[in-house]
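The block underneath contains the structure these notes are about, expressed in C-alpha coordinates.
The values are calculated or read from the model by the stated rules, or taken from the named source; none is laboratory data. Given the structure is predicted, the values throughout are model-derived calculations rather than measurements. Positions of Cβ are generated from backbone atoms using ideal geometry, with glycine treated the same way; all protein chains shown enter the neighbour counts.
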(Lines give C-alpha, C1' and ligand atoms only; values in the text may rest on other atoms or scores of the structure.)
Protein backbone atom coordinates (compact mmCIF):
# COMPACT_ATOMS: atom_id res chain seq x y z
CA UNK A 1 0.00 0.00 0.00
CA UNK A 2 1.04 3.66 -0.26
CA UNK A 3 3.58 3.99 2.53
CA UNK A 4 2.21 5.89 5.49
CA UNK A 5 -0.92 6.76 3.52
CA UNK A 6 -2.49 9.83 5.03
CA UNK A 7 -6.20 10.49 5.39
CA UNK A 8 -7.54 13.11 3.01
CA UNK A 9 -6.99 16.76 3.94
CA UNK A 10 -9.46 18.46 6.21
CA UNK A 11 -10.42 15.33 8.16
CA UNK A 12 -12.54 16.13 11.21
CA UNK A 13 -10.63 15.37 14.39
CA UNK A 14 -13.65 14.06 16.25
CA UNK A 15 -15.41 10.78 15.60
CA UNK A 16 -18.87 11.28 14.17
CA UNK A 17 -21.76 8.87 14.54
CA UNK A 18 -19.91 6.47 16.77
CA UNK A 19 -21.14 2.95 17.22
CA UNK A 20 -24.55 2.66 18.83
CA UNK A 21 -25.15 -0.37 21.03
CA UNK A 22 -28.38 -2.20 20.31
CA UNK A 23 -28.22 -4.44 23.33
CA UNK A 24 -25.85 -4.46 26.28
CA UNK A 25 -22.47 -4.51 24.55
CA UNK A 26 -19.73 -2.56 26.32
CA UNK A 27 -19.47 0.78 24.50
CA UNK A 28 -15.98 2.29 24.75
CA UNK A 29 -15.11 5.32 22.61
CA UNK A 30 -17.05 4.04 19.60
CA UNK A 31 -16.11 0.38 19.69
CA UNK A 32 -17.54 -2.67 21.38
CA UNK A 33 -15.17 -5.03 23.19
CA UNK A 34 -15.66 -8.45 21.63
CA UNK A 35 -13.41 -11.50 21.44
CA UNK A 36 -15.58 -12.95 18.68
CA UNK A 37 -17.56 -11.28 15.91
CA UNK A 38 -20.96 -9.99 16.92
CA UNK A 39 -23.87 -8.79 14.81
CA UNK A 40 -23.29 -5.32 13.40
CA UNK A 41 -25.10 -3.30 10.74
CA UNK A 42 -24.58 0.05 9.09
CA UNK A 43 -27.22 1.24 6.64
CA UNK A 44 -28.63 4.43 5.21
CA UNK A 45 -31.86 4.38 7.25
CA UNK A 46 -32.47 3.64 10.96
CA UNK A 47 -35.62 1.60 10.30
CA UNK A 48 -33.69 -0.73 7.99
CA UNK A 49 -30.79 -1.08 10.43
CA UNK A 50 -33.14 -1.91 13.30
CA UNK A 51 -35.07 -4.44 11.22
CA UNK A 52 -31.87 -6.25 10.22
CA UNK A 53 -30.64 -6.47 13.81
CA UNK A 54 -34.01 -7.85 14.87
CA UNK A 55 -33.91 -10.54 12.18
CA UNK A 56 -30.46 -11.66 13.35
CA UNK A 57 -31.68 -11.68 16.96
CA UNK A 58 -34.47 -14.04 15.82
CA UNK A 59 -31.96 -16.57 14.45
CA UNK A 60 -31.23 -15.17 11.03
CA UNK A 61 -27.73 -14.81 9.67
CA UNK A 62 -26.07 -11.93 7.82
CA UNK A 63 -27.57 -13.11 4.52
CA UNK A 64 -31.09 -13.08 5.97
CA UNK A 65 -30.31 -9.61 7.29
CA UNK A 66 -29.22 -8.61 3.79
CA UNK A 67 -32.65 -9.64 2.47
CA UNK A 68 -34.32 -7.59 5.20
CA UNK A 69 -32.08 -4.58 4.60
CA UNK A 70 -32.54 -4.64 0.83
CA UNK A 71 -36.33 -4.84 1.07
CA UNK A 72 -36.67 -2.35 3.93
CA UNK A 73 -34.49 0.23 2.15
CA UNK A 74 -36.64 -0.27 -0.94
CA UNK A 75 -39.59 0.92 1.15
CA UNK A 76 -38.08 3.79 3.15
CA UNK A 77 -35.58 5.05 0.54
CA UNK A 78 -37.63 5.00 -2.69
CA UNK A 79 -35.36 7.69 -4.09
CA UNK A 80 -32.29 5.46 -3.72
CA UNK A 81 -33.19 1.83 -4.34
CA UNK A 82 -36.14 -0.46 -4.75
CA UNK A 83 -37.38 -3.83 -5.96
CA UNK A 84 -37.74 -2.19 -9.36
CA UNK A 85 -33.94 -1.87 -9.55
CA UNK A 86 -30.82 -3.93 -9.04
CA UNK A 87 -27.49 -4.16 -7.28
CA UNK A 88 -24.42 -6.13 -6.27
CA UNK A 89 -24.17 -8.16 -3.05
CA UNK A 90 -20.64 -9.10 -1.97
CA UNK A 91 -20.89 -12.21 0.23
CA UNK A 92 -18.56 -14.27 2.36
CA UNK A 93 -19.34 -17.03 4.80
CA UNK A 94 -17.48 -17.00 8.10
CA UNK A 95 -14.40 -19.20 7.94
CA UNK A 96 -14.71 -19.55 4.15
CA UNK A 97 -12.04 -18.07 1.91
CA UNK A 98 -14.29 -18.07 -1.18
CA UNK A 99 -16.18 -14.77 -1.52
CA UNK A 100 -18.97 -14.41 -4.07
CA UNK A 101 -20.45 -11.42 -5.84
CA UNK A 102 -24.16 -11.83 -6.46
CA UNK A 103 -24.90 -9.86 -9.63
CA UNK A 104 -28.48 -8.62 -9.57
CA UNK A 105 -27.86 -5.85 -12.09
CA UNK A 106 -30.70 -4.93 -14.42
CA UNK A 107 -30.68 -6.21 -18.02
CA UNK A 108 -31.77 -4.59 -21.27
CA UNK A 109 -35.07 -5.98 -22.61
CA UNK A 110 -34.92 -8.22 -25.69
CA UNK A 111 -36.31 -5.46 -27.92
CA UNK A 112 -33.62 -2.93 -26.89
CA UNK A 113 -31.33 -1.54 -29.60
CA UNK A 114 -28.41 0.93 -29.65
CA UNK A 115 -30.29 3.89 -31.16
CA UNK A 116 -33.40 3.63 -28.99
CA UNK A 117 -32.85 7.00 -27.30
CA UNK A 118 -32.19 9.08 -30.41
CA UNK A 119 -34.82 11.43 -31.82
CA UNK A 120 -35.77 11.76 -35.49
CA UNK A 121 -32.78 14.04 -36.05
CA UNK A 122 -30.39 11.45 -34.61
CA UNK A 123 -29.81 13.47 -31.42
CA UNK A 124 -29.98 12.07 -27.90
CA UNK A 125 -33.36 12.60 -26.24
CA UNK A 126 -32.33 12.40 -22.58
CA UNK A 127 -35.95 12.23 -21.39
CA UNK A 128 -36.39 8.85 -23.05
CA UNK A 129 -33.51 7.34 -21.06
CA UNK A 130 -34.44 9.05 -17.80
CA UNK A 131 -38.24 8.94 -17.42
CA UNK A 132 -40.96 6.44 -18.27
CA UNK A 133 -40.99 2.77 -19.18
CA UNK A 134 -38.42 3.05 -21.96
CA UNK A 135 -35.77 4.03 -19.40
CA UNK A 136 -36.21 0.88 -17.31
CA UNK A 137 -34.11 -2.27 -17.43
CA UNK A 138 -35.43 -5.62 -16.22
CA UNK A 139 -35.12 -5.53 -12.39
CA UNK A 140 -32.75 -7.88 -10.61
CA UNK A 141 -33.34 -7.13 -6.94
CA UNK A 142 -36.32 -9.46 -6.37
CA UNK A 143 -34.46 -12.41 -7.93
CA UNK A 144 -31.42 -11.63 -5.80
CA UNK A 145 -33.53 -11.66 -2.63
CA UNK A 146 -34.91 -15.09 -3.51
CA UNK A 147 -31.39 -16.37 -4.25
CA UNK A 148 -29.97 -14.99 -1.01
CA UNK A 149 -32.70 -16.63 1.06
CA UNK A 150 -32.62 -19.99 -0.71
CA UNK A 151 -28.86 -20.41 -1.08
CA UNK A 152 -27.40 -18.58 1.93
CA UNK A 153 -30.06 -17.73 4.51
CA UNK A 154 -31.28 -19.60 7.58
CA UNK A 155 -34.83 -18.20 7.55
CA UNK A 156 -37.68 -18.53 5.07
CA UNK A 157 -37.89 -15.65 2.59
CA UNK A 158 -41.25 -14.63 4.03
CA UNK A 159 -39.75 -14.12 7.48
CA UNK A 160 -36.91 -11.95 6.20
CA UNK A 161 -39.32 -9.87 4.08
CA UNK A 162 -41.86 -9.41 6.88
CA UNK A 163 -40.34 -6.16 8.27
CA UNK A 164 -40.40 -4.50 4.85
CA UNK A 165 -43.99 -5.59 4.27
CA UNK A 166 -44.98 -4.03 7.60
CA UNK A 167 -43.11 -0.83 6.76
CA UNK A 168 -44.85 -0.58 3.41
CA UNK A 169 -48.30 -1.23 4.84
CA UNK A 170 -48.01 0.77 8.08
CA UNK A 171 -45.82 3.49 6.63
CA UNK A 172 -42.77 5.48 7.68
CA UNK A 173 -42.29 9.11 8.62
CA UNK A 174 -41.19 11.51 5.91
CA UNK A 175 -37.82 13.12 6.72
CA UNK A 176 -35.75 15.95 5.28
CA UNK A 177 -33.79 13.61 2.99
CA UNK A 178 -37.01 12.30 1.44
CA UNK A 179 -38.37 15.80 0.90
CA UNK A 180 -35.11 17.01 -0.66
CA UNK A 181 -35.05 14.16 -3.18
CA UNK A 182 -38.76 14.48 -3.97
CA UNK A 183 -38.30 18.19 -4.65
CA UNK A 184 -35.39 17.39 -6.96
CA UNK A 185 -37.61 15.14 -9.14
CA UNK A 186 -40.89 16.95 -8.45
CA UNK A 187 -41.85 17.68 -12.06
CA UNK A 188 -41.17 14.11 -13.17
CA UNK A 189 -43.02 12.59 -10.20
CA UNK A 190 -46.03 14.74 -11.02
CA UNK A 191 -45.97 13.50 -14.62
CA UNK A 192 -46.88 9.94 -13.60
CA UNK A 193 -50.32 9.55 -11.90
CA UNK A 194 -49.28 6.51 -9.82
CA UNK A 195 -45.99 8.04 -8.66
CA UNK A 196 -47.76 11.31 -7.84
CA UNK A 197 -50.38 9.49 -5.76
CA UNK A 198 -47.83 7.48 -3.79
CA UNK A 199 -44.95 9.88 -3.26
CA UNK A 200 -46.54 13.36 -3.20
CA UNK A 201 -49.40 15.13 -1.46
CA UNK A 202 -51.33 17.72 -3.46
CA UNK A 203 -48.52 17.62 -6.05
CA UNK A 204 -45.79 18.57 -3.54
CA UNK A 205 -43.65 16.48 -1.15
CA UNK A 206 -45.49 15.37 2.00
CA UNK A 207 -44.88 17.43 5.16
CA UNK A 208 -42.11 16.46 7.53
CA UNK A 209 -43.27 13.78 9.95
CA UNK A 210 -46.24 12.71 7.87
CA UNK A 211 -46.65 8.97 7.28
CA UNK A 212 -46.08 7.60 3.79
CA UNK A 213 -47.80 4.25 3.15
CA UNK A 214 -47.35 1.99 0.11
CA UNK A 215 -50.08 -0.70 0.21
CA UNK A 216 -49.55 -1.81 -3.40
CA UNK A 217 -45.85 -2.34 -2.74
CA UNK A 218 -46.72 -4.31 0.41
CA UNK A 219 -48.93 -6.59 -1.69
CA UNK A 220 -46.20 -7.07 -4.31
CA UNK A 221 -43.70 -7.97 -1.57
CA UNK A 222 -46.25 -10.46 -0.19
CA UNK A 223 -46.46 -12.12 -3.63
CA UNK A 224 -42.65 -12.38 -3.62
CA UNK A 225 -42.65 -13.78 -0.06
CA UNK A 226 -45.27 -16.41 -0.89
CA UNK A 227 -44.18 -17.55 -4.36
CA UNK A 228 -40.51 -16.57 -4.59
CA UNK A 229 -39.27 -15.84 -8.11
CA UNK A 230 -42.64 -16.55 -9.71
CA UNK A 231 -44.31 -14.10 -7.34
CA UNK A 232 -42.62 -11.23 -9.15
CA UNK A 233 -41.39 -12.44 -12.54
CA UNK A 234 -44.49 -14.45 -13.52
CA UNK A 235 -48.18 -14.25 -12.76
CA UNK A 236 -50.29 -11.18 -11.86
CA UNK A 237 -47.42 -8.95 -10.70
CA UNK A 238 -45.44 -9.59 -13.88
CA UNK A 239 -48.53 -8.98 -16.01
CA UNK A 240 -49.18 -5.64 -14.30
CA UNK A 241 -45.53 -4.63 -14.64
CA UNK A 242 -45.40 -5.38 -18.37
CA UNK A 243 -48.71 -3.61 -18.99
CA UNK A 244 -47.60 -0.53 -17.07
CA UNK A 245 -44.19 -0.36 -18.72
CA UNK A 246 -45.60 -0.71 -22.21
CA UNK A 247 -48.33 1.86 -21.51
CA UNK A 248 -45.59 4.35 -20.61
CA UNK A 249 -43.56 3.70 -23.76
CA UNK A 250 -41.39 0.77 -22.69
CA UNK A 251 -40.41 -2.47 -24.41
CA UNK A 252 -40.78 -5.14 -21.72
CA UNK A 253 -42.38 -8.50 -22.47
CA UNK A 254 -43.41 -11.38 -20.18
CA UNK A 255 -40.42 -13.35 -21.49
CA UNK A 256 -38.04 -10.57 -20.40
CA UNK A 257 -39.18 -10.95 -16.81
CA UNK A 258 -39.47 -14.73 -16.76
CA UNK A 259 -36.01 -15.05 -18.30
CA UNK A 260 -34.16 -12.87 -15.80
CA UNK A 261 -31.40 -14.61 -13.85
CA UNK A 262 -29.02 -13.49 -11.12
CA UNK A 263 -25.39 -14.46 -11.66
CA UNK A 264 -22.83 -15.54 -9.07
CA UNK A 265 -19.47 -14.08 -10.11
CA UNK A 266 -15.98 -14.35 -8.70
CA UNK A 267 -15.14 -10.94 -7.21
CA UNK A 268 -12.03 -8.98 -8.05
CA UNK A 269 -9.35 -10.15 -5.61
CA UNK A 270 -5.84 -8.82 -5.23
CA UNK A 271 -3.17 -8.19 -2.60
CA UNK A 272 -1.20 -4.95 -2.51
CA UNK A 273 1.56 -4.77 0.13
CA UNK A 274 -0.28 -6.98 2.59
CA UNK A 275 -3.73 -5.49 2.01
CA UNK A 276 -6.17 -8.07 0.66
CA UNK A 277 -8.83 -6.52 -1.56
CA UNK A 278 -12.13 -8.19 -2.43
CA UNK A 279 -14.45 -6.01 -4.48
CA UNK A 280 -17.26 -6.05 -6.99
CA UNK A 281 -16.30 -7.30 -10.43
CA UNK A 282 -17.75 -6.51 -13.84
CA UNK A 283 -20.27 -5.27 -14.73
CA UNK A 284 -19.09 -3.10 -11.83
CA UNK A 285 -16.10 -0.98 -12.79
CA UNK A 286 -15.22 -0.47 -9.14
CA UNK A 287 -13.10 -3.47 -8.26
CA UNK A 288 -10.85 -3.09 -11.30
CA UNK A 289 -10.52 0.62 -10.58
CA UNK A 290 -9.76 0.20 -6.87
CA UNK A 291 -7.00 -2.34 -7.49
CA UNK A 292 -5.43 -0.24 -10.25
CA UNK A 293 -5.55 2.88 -8.09
CA UNK A 294 -3.87 1.24 -5.10
CA UNK A 295 -1.24 -0.43 -7.28
CA UNK A 296 -0.40 2.89 -8.93
CA UNK A 297 0.29 4.47 -5.53
CA UNK A 298 1.94 1.43 -3.91
CA UNK A 299 5.47 2.89 -3.91
CA UNK A 300 4.55 6.47 -2.95
CA UNK A 301 4.93 7.84 0.57
CA UNK A 302 1.69 9.81 0.72
CA UNK A 303 2.10 10.72 4.39
CA UNK A 304 5.32 12.61 3.64
CA UNK A 305 3.66 14.75 0.96
CA UNK A 306 1.98 18.11 1.28
CA UNK A 307 -1.80 18.15 0.86
CA UNK A 308 -1.44 19.58 -2.64
CA UNK A 309 1.10 16.96 -3.73
CA UNK A 310 -1.01 14.13 -2.31
CA UNK A 311 -4.25 15.34 -3.92
CA UNK A 312 -2.48 15.96 -7.23
CA UNK A 313 -1.07 12.43 -7.29
CA UNK A 314 -4.28 10.69 -6.25
CA UNK A 315 -6.35 12.75 -8.71
CA UNK A 316 -3.98 11.78 -11.53
CA UNK A 317 -4.39 8.13 -10.55
CA UNK A 318 -8.18 8.57 -10.52
CA UNK A 319 -8.02 10.16 -13.97
CA UNK A 320 -6.27 7.09 -15.39
CA UNK A 321 -8.63 4.64 -13.71
CA UNK A 322 -11.64 6.35 -15.27
CA UNK A 323 -9.89 6.48 -18.64
CA UNK A 324 -9.52 2.68 -18.46
CA UNK A 325 -13.18 2.44 -17.45
CA UNK A 326 -14.28 4.20 -20.61
CA UNK A 327 -11.80 2.37 -22.83
CA UNK A 328 -12.32 -1.25 -21.84
CA UNK A 329 -15.14 -2.06 -19.44
CA UNK A 330 -18.62 -3.47 -20.00
CA UNK A 331 -20.73 -6.57 -19.37
CA UNK A 332 -18.25 -9.50 -19.35
CA UNK A 333 -20.91 -11.79 -20.83
CA UNK A 334 -20.94 -9.63 -23.96
CA UNK A 335 -17.49 -8.00 -24.21
CA UNK A 336 -14.00 -9.50 -24.30
CA UNK A 337 -12.19 -7.57 -21.57
CA UNK A 338 -8.42 -7.88 -20.84
CA UNK A 339 -8.95 -8.30 -17.09
CA UNK A 340 -5.61 -9.97 -16.41
CA UNK A 341 -3.74 -7.05 -17.95
CA UNK A 342 -5.92 -4.37 -16.35
CA UNK A 343 -5.36 -5.89 -12.89
CA UNK A 344 -1.63 -6.46 -13.33
CA UNK A 345 1.02 -4.49 -11.41
CA UNK A 346 2.79 -3.93 -14.73
CA UNK A 347 -0.18 -2.04 -16.14
CA UNK A 348 -0.38 0.07 -12.96
CA UNK A 349 3.34 0.83 -13.06
CA UNK A 350 3.05 1.94 -16.69
CA UNK A 351 0.23 4.33 -15.76
CA UNK A 352 2.15 5.62 -12.72
CA UNK A 353 5.27 6.28 -14.83
CA UNK A 354 3.19 8.62 -16.98
CA UNK A 355 2.24 10.86 -14.03
CA UNK A 356 4.20 14.08 -13.56
CA UNK A 357 4.54 15.21 -9.95
CA UNK A 358 4.55 18.86 -11.00
CA UNK A 359 1.97 19.09 -13.79
CA UNK A 360 -1.55 17.82 -14.45
CA UNK A 361 -1.96 15.60 -17.50
CA UNK A 362 -4.80 16.96 -19.67
CA UNK A 363 -7.29 14.17 -20.28
CA UNK A 364 -7.11 14.98 -23.98
CA UNK A 365 -3.51 13.72 -23.89
CA UNK A 366 -4.75 10.32 -22.65
CA UNK A 367 -6.84 9.33 -25.67
CA UNK A 368 -9.04 6.28 -25.73
CA UNK A 369 -7.84 3.36 -27.83
CA UNK A 370 -9.51 2.78 -31.18
CA UNK A 371 -12.86 1.51 -31.34
CA UNK A 372 -24.11 5.56 -11.63
CA UNK A 373 -27.18 6.58 -8.80
CA UNK A 374 -26.44 9.96 -7.64
CA UNK A 375 -28.84 8.34 -5.18
CA UNK A 376 -28.14 4.70 -4.63
CA UNK A 377 -27.82 2.99 -1.26
CA UNK A 378 -25.35 0.78 0.57
CA UNK A 379 -25.34 -1.41 3.66
CA UNK A 380 -22.71 -3.44 5.50
CA UNK A 381 -23.49 -6.31 7.87
CA UNK A 382 -21.68 -9.04 9.82
CA UNK A 383 -23.17 -11.70 12.09
CA UNK A 384 -21.92 -13.65 15.11
CA UNK A 385 -20.49 -16.39 12.89
CA UNK A 386 -18.43 -13.99 10.80
CA UNK A 387 -20.75 -14.16 7.76
CA UNK A 388 -20.61 -10.80 6.03
CA UNK A 389 -22.28 -8.82 3.27
CA UNK A 390 -21.48 -5.52 1.58
CA UNK A 391 -24.22 -4.50 -0.83
CA UNK A 392 -24.73 -1.50 -3.08
CA UNK A 393 -28.18 -1.12 -4.66
CA UNK A 394 -29.73 1.36 -7.04
CA UNK A 395 -32.52 2.53 -9.29
CA UNK A 396 -30.02 5.04 -10.77
CA UNK A 397 -31.22 8.67 -10.60
CA UNK A 398 -33.29 9.79 -7.57
CA UNK A 399 -36.70 8.09 -7.83
CA UNK A 400 -35.47 6.24 -10.92
CA UNK A 401 -37.75 6.58 -13.93
CA UNK A 402 -40.40 8.28 -11.70
CA UNK A 403 -42.91 5.78 -13.08
CA UNK A 404 -44.97 3.15 -11.22
CA UNK A 405 -46.93 0.50 -13.15
CA UNK A 406 -50.48 0.72 -11.74
CA UNK A 407 -51.33 -1.67 -8.95
CA UNK A 408 -47.74 -2.79 -8.27
CA UNK A 409 -46.23 -0.05 -6.10
CA UNK A 410 -42.94 -0.79 -7.95
CA UNK A 411 -40.94 2.32 -8.83
CA UNK A 412 -39.10 1.61 -12.07
CA UNK A 413 -35.36 2.13 -12.47
CA UNK A 414 -33.80 4.25 -15.20
CA UNK A 415 -30.61 2.20 -15.39
CA UNK A 416 -30.74 2.06 -19.20
CA UNK A 417 -29.08 5.50 -19.04
CA UNK A 418 -25.99 3.74 -17.66
CA UNK A 419 -25.42 2.27 -21.12
CA UNK A 420 -23.58 4.21 -23.80
CA UNK A 421 -26.70 5.80 -25.27
CA UNK A 422 -24.52 7.85 -27.63
CA UNK A 423 -20.92 6.82 -28.29
CA UNK A 424 -18.43 9.47 -27.19
CA UNK A 425 -20.93 11.35 -25.01
CA UNK A 426 -21.49 11.24 -21.28
CA UNK A 427 -24.49 9.82 -19.46
CA UNK A 428 -26.41 11.83 -16.85
CA UNK A 429 -23.34 11.58 -14.55
CA UNK A 430 -20.92 12.61 -17.30
CA UNK A 431 -19.39 9.12 -17.66
CA UNK A 432 -18.18 8.63 -21.21
CA UNK A 433 -20.10 6.20 -23.42
CA UNK A 434 -17.97 3.83 -25.51
CA UNK A 435 -18.45 0.65 -27.56
CA UNK A 436 -17.94 -1.94 -24.75
CA UNK A 437 -20.97 -0.48 -22.92
CA UNK A 438 -23.26 -0.07 -25.93
CA UNK A 439 -26.89 -1.25 -25.63
CA UNK A 440 -27.61 -4.87 -26.57
CA UNK A 441 -30.57 -7.12 -25.70
CA UNK A 442 -30.03 -8.91 -22.38
CA UNK A 443 -26.86 -6.95 -21.60
CA UNK A 444 -26.14 -5.44 -18.18
CA UNK A 445 -25.03 -1.80 -18.13
CA UNK A 446 -21.66 -0.91 -16.66
CA UNK A 447 -21.96 0.26 -13.06
CA UNK A 448 -19.97 2.23 -10.50
CA UNK A 449 -21.48 0.35 -7.52
CA UNK A 450 -18.55 -1.01 -5.50
CA UNK A 451 -19.15 -3.05 -2.35
CA UNK A 452 -15.76 -3.92 -0.82
CA UNK A 453 -14.02 -6.09 1.79
CA UNK A 454 -10.53 -4.98 2.86
CA UNK A 455 -8.38 -7.19 5.10
CA UNK A 456 -4.94 -7.04 6.67
CA UNK A 457 -3.39 -9.31 9.28
CA UNK A 458 -5.82 -8.15 11.96
CA UNK A 459 -8.67 -6.16 10.48
CA UNK A 460 -11.66 -6.81 8.20
CA UNK A 461 -13.47 -3.78 6.77
CA UNK A 462 -16.88 -4.09 5.09
CA UNK A 463 -17.87 -0.89 3.32
CA UNK A 464 -19.29 0.96 0.32
CA UNK A 465 -21.33 4.00 -0.62
CA UNK A 466 -23.83 5.47 -3.08
CA UNK A 467 -22.86 8.48 -5.17
CA UNK A 468 -23.18 7.86 -8.92
CA UNK A 469 -19.93 8.28 -10.81
CA UNK A 470 -18.18 9.30 -7.56
CA UNK A 471 -18.70 5.93 -5.86
CA UNK A 472 -15.38 4.52 -7.02
CA UNK A 473 -13.30 7.50 -5.88
CA UNK A 474 -15.01 7.51 -2.48
CA UNK A 475 -14.11 3.84 -2.10
CA UNK A 476 -10.53 4.65 -3.17
CA UNK A 477 -10.17 7.39 -0.55
CA UNK A 478 -11.72 5.08 2.04
CA UNK A 479 -9.06 2.46 1.30
CA UNK A 480 -6.29 5.03 1.82
CA UNK A 481 -7.88 6.03 5.12
CA UNK A 482 -8.06 2.37 6.20
CA UNK A 483 -4.34 1.88 5.57
CA UNK A 484 -3.63 5.04 7.59
CA UNK A 485 -5.45 3.57 10.59
CA UNK A 486 -8.61 5.68 10.45
CA UNK A 487 -11.65 4.45 12.36
CA UNK A 488 -14.87 3.69 10.45
CA UNK A 489 -16.41 6.87 11.88
CA UNK A 490 -13.49 8.91 10.58
CA UNK A 491 -13.58 7.18 7.20
CA UNK A 492 -17.25 7.83 6.54
CA UNK A 493 -17.01 11.48 7.64
CA UNK A 494 -13.82 12.42 5.76
CA UNK A 495 -13.99 15.19 3.10
CA UNK A 496 -14.07 13.93 -0.49
CA UNK A 497 -12.75 14.82 -3.91
CA UNK A 498 -13.03 13.22 -7.34
CA UNK A 499 -11.65 13.06 -10.87
CA UNK A 500 -13.32 10.98 -13.59
CA UNK A 501 -11.21 11.71 -16.72
CA UNK A 502 -13.99 13.77 -18.30
CA UNK A 503 -14.94 16.42 -17.38
CA UNK A 504 -11.26 17.25 -16.88
CA UNK A 505 -11.47 18.70 -13.38
CA UNK A 506 -11.04 17.86 -9.71
CA UNK A 507 -14.45 18.05 -8.07
CA UNK A 508 -14.60 18.42 -4.30
CA UNK A 509 -16.93 18.91 -1.38
CA UNK A 510 -17.08 22.31 0.35
CA UNK A 511 -14.19 22.64 2.80
CA UNK A 512 -12.26 19.65 1.46
CA UNK A 513 -9.27 21.81 0.43
CA UNK A 514 -7.61 24.81 1.97
CA UNK A 515 -7.17 27.96 -0.11
CA UNK A 516 -3.46 27.16 -0.40
CA UNK A 517 -4.13 23.64 -1.66
CA UNK A 518 -6.61 24.86 -4.27
CA UNK A 519 -4.09 27.44 -5.49
CA UNK A 520 -1.29 24.88 -5.68
CA UNK A 521 -3.47 22.47 -7.65
CA UNK A 522 -4.38 25.20 -10.13
CA UNK A 523 -0.69 26.06 -10.53
CA UNK A 524 -0.13 22.46 -11.61
CA UNK A 525 -2.79 22.86 -14.31
CA UNK A 526 -5.83 21.35 -12.58
CA UNK A 527 -9.29 22.79 -12.92
CA UNK A 528 -10.73 22.69 -9.38
CA UNK A 529 -14.51 22.69 -8.98
CA UNK A 530 -16.32 22.99 -5.65
CA UNK A 531 -19.58 21.05 -6.20
CA UNK A 532 -21.15 23.11 -3.37
CA UNK A 533 -22.69 20.13 -1.63
CA UNK A 534 -21.59 17.10 0.33
CA UNK A 535 -22.06 13.77 -1.41
CA UNK A 536 -22.09 10.05 -0.65
CA UNK A 537 -23.55 8.02 2.20
CA UNK A 538 -20.85 5.54 3.21
CA UNK A 539 -21.66 2.63 5.54
CA UNK A 540 -18.83 0.73 7.22
CA UNK A 541 -18.28 -2.15 9.66
CA UNK A 542 -14.79 -2.94 11.00
CA UNK A 543 -13.86 -6.14 12.85
CA UNK A 544 -10.41 -6.13 14.47
CA UNK A 545 -9.62 -9.77 15.21
CA UNK A 546 -6.40 -9.01 17.09
CA UNK A 547 -7.88 -6.42 19.44
CA UNK A 548 -11.24 -8.17 19.75
CA UNK A 549 -13.18 -5.04 18.76
CA UNK A 550 -16.07 -4.33 16.45
CA UNK A 551 -17.06 -0.92 15.08
CA UNK A 552 -19.79 0.28 12.75
CA UNK A 553 -20.42 3.75 11.38
CA UNK A 554 -22.93 5.50 9.16
CA UNK A 555 -22.08 8.56 7.11
CA UNK A 556 -23.08 11.82 8.88
CA UNK A 557 -24.12 13.21 5.48
CA UNK A 558 -27.16 10.93 5.55
CA UNK A 559 -29.82 9.87 8.03
CA UNK A 560 -28.58 6.29 8.51
CA UNK A 561 -27.57 4.45 11.65
CA UNK A 562 -25.01 1.90 12.79
CA UNK A 563 -25.71 -0.73 15.44
CA UNK A 564 -23.58 -3.34 17.16
CA UNK A 565 -25.27 -6.14 19.10
CA UNK A 566 -24.23 -8.04 22.19
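Would you check if residue 514 is farther than 17 Å from residue 318 by Cβ and in contact with a strand residue (DSSP E or B) (Cβ under 8 Å, 6 or more places away or on another chain)? Judged against the criteria, residue 514 is not a match.
Tell me, which residue of segment 67-100 that is touching a strand residue (DSSP E or B) at 6+ places or on another chain (Cβ under 7 Å) and surrounded by fewer than 24 Cβ atoms within 10 Å (Cβ to Cβ) is nearest to residue 412 (Cα to Cα)? Among residues in segment 67-100 that are touching a strand residue (DSSP E or B) at 6+ places or on another chain (Cβ under 7 Å) and surrounded by fewer than 24 Cβ atoms within 10 Å (Cβ to Cβ), the one nearest to residue 412 (Cα to Cα) is 100.
A residue that is at pLDDT 95 or above, within 23 Å of residue 536 (Cβ to Cβ) and crowded, with 23+ Cβ neighbours inside 10 Å can be found somewhere in segment 24-41.
Please verify whether segment 232-245 includes one or more residues that are on the phi > 0 side of the Ramachandran plot and either part of a helix (DSSP H, G or I) or crowded, with 20+ Cβ neighbours inside 10 Å (or both).
Yes, that holds for at least one residue.
When you look at residue 417, is it at pLDDT below 95, touching a helix residue (DSSP H, G or I) at 6+ places or on another chain (Cβ under 9 Å) and either over 24 Å from residue 106 (Cβ atoms) or assigned to a helix (DSSP H, G or I) (or both), yes or no? Answer is yes for this residue.
Within segment 440-449, the residues that satisfy the criterion of being crowded, with 21+ Cβ neighbours inside 10 Å and part of a loop (DSSP other than H, G, I, E, B) are 443, 444, 445, 446, 448, 449.
Listed here are the residues, each with its yes/no results for (1) under 27 Å from residue 401 (Cβ atoms); (2) buried (at least 19 other Cβ atoms within 10 Å of the Cβ); (3) touching a helix residue (DSSP H, G or I) at 6+ places or on another chain (Cβ under 8 Å).
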position	(1), (2), (3)
253	yes, no, yes
257	yes, yes, yes
267	no, yes, yes
276	no, no, no
288	no, yes, yes
292	no, yes, yes
300	no, yes, yes
310	no, yes, yes
321	no, yes, yes
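Among the residues of segment 252-292, those identified as in a loop (DSSP other than H, G, I, E, B), farther than 19 Å from residue 142 by Cα and at pLDDT 95 or above are 266, 267, 280, 281, 282, 285. The number of residues in segment 393-444 being over 19 Å from the mean Cα position of the chain (by Cα) and under 27 Å from residue 182 (Cβ atoms) comes to 11. Does segment 160-179 contain any residue that is under 29 Å from residue 444 (Cα atoms), surrounded by fewer than 20 Cβ atoms within 10 Å (Cβ to Cβ) and touching a helix residue (DSSP H, G or I) at 6+ places or on another chain (Cβ under 8 Å)? No; the residues of segment 160-179 include none that is under 29 Å from residue 444 (Cα atoms), surrounded by fewer than 20 Cβ atoms within 10 Å (Cβ to Cβ) and touching a helix residue (DSSP H, G or I) at 6+ places or on another chain (Cβ under 8 Å).
For every residue, the table says whether it meets (1) at pLDDT below 95; (2) touching a strand residue (DSSP E or B) at 6+ places or on another chain (Cβ under 8 Å); (3) under 30 Å from residue 136 (Cα atoms).
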position: 331; (1), (2), (3): no, no, yes
position: 348; (1), (2), (3): no, no, no
position: 360; (1), (2), (3): no, no, no
position: 365; (1), (2), (3): yes, no, no
position: 369; (1), (2), (3): yes, no, no
position: 373; (1), (2), (3): yes, yes, yes
position: 379; (1), (2), (3): no, yes, yes
position: 383; (1), (2), (3): no, no, no
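Each residue in segment 247-294 was checked for being more than 28 Å from residue 328 (Cα to Cα) and in contact with a strand residue (DSSP E or B) (Cβ under 9 Å, 6 or more places away or on another chain), and 2 of them qualify. Of 490, 509, all but one fail to be surrounded by 19 or more Cβ atoms within 10 Å (Cβ to Cβ) and under 24 Å from residue 390 (Cα atoms); the exception is 490.
Residues in segment 368-380: is at least one in a helix (DSSP H, G or I), surrounded by fewer than 24 Cβ atoms within 10 Å (Cβ to Cβ) and over 25 Å from the mean Cα position of the chain (by Cα)? Scanning segment 368-380, I find no residue that is in a helix (DSSP H, G or I), surrounded by fewer than 24 Cβ atoms within 10 Å (Cβ to Cβ) and over 25 Å from the mean Cα position of the chain (by Cα), so the answer is no.
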